[in-house]
Every structure is written in C-alpha cells, then in structure tokens.
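These notes concern the structure reproduced below.
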Amino acid sequence: MKNFALLRARIAGQGASKPSLSAPDSTYQWSSTALNAHRDKINELGVRKFASDIGSTLTHFYSQDKMAIK
C-alpha cells in the first residue's frame, strides 16, 4: 500500500498540493500515463526541452514498416 500511496501523491495537476509537470525538478523525470497519446505528447515536449537545454536541434526520422508474408 505504501507504493500505491507514493504513486498517487505524484499525480500531476493543478493546485498547491499537486506536482507540476512544468516544475524545474520534473524536467527529465519519467511519466506514466493512461493513454499513449498523452505519453507521446509529454515525450515530444521533453525532447524539445532537452534539445534546447543542450543547444541542439532535433532531427526527425520516419519509418515505413512493412510486414513480409512468407
């Protein structure tokens, strides 16, 4: 139960008692979300911030996956 209480205490949100995703101490921390779309957006914001912090530019690579039928 302790672990569950710890995780619940780390749920981000609005209000003084809730952690903020924009707080400086949460810059490079992991996030767990219920939806992949939310995780993808958080990752996108994180890599942009990281690139900016280290003075780098992002390069996007796209893949086209194909399934070979044998």
Quiz prompt | the chain - convex hull of the alpha-carbon atoms, volume per residue in Å³ | solution = 163
Quiz prompt | Mean Cβ count within 10 Å, highest first, over the residues of peptides 46-53, 13-20 | solution = 46-53, 13-20
Exercise. Using only alpha carbon pairs under 8 Å that are at least six residues apart, calculate the relative contact order of the chain and give it in whole percent.
Key: 12
Quiz item: Calculated from DSSP H runs of 4 or more alone, at -39500 (n - 2.57) each and per residue, what is the 222 nm mean residue ellipticity of the chain, nearest 500?
Solution: -12000 deg cm²/dmol
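Taken together, the values in this text are just the output of simple stated rules run on the coordinates, not laboratory data. Because the structure is a prediction, the values reported are computed rather than measured. FYI the Cβ positions are ideal-geometry reconstructions off the backbone, even for glycines, and counts take in every protein chain you see.
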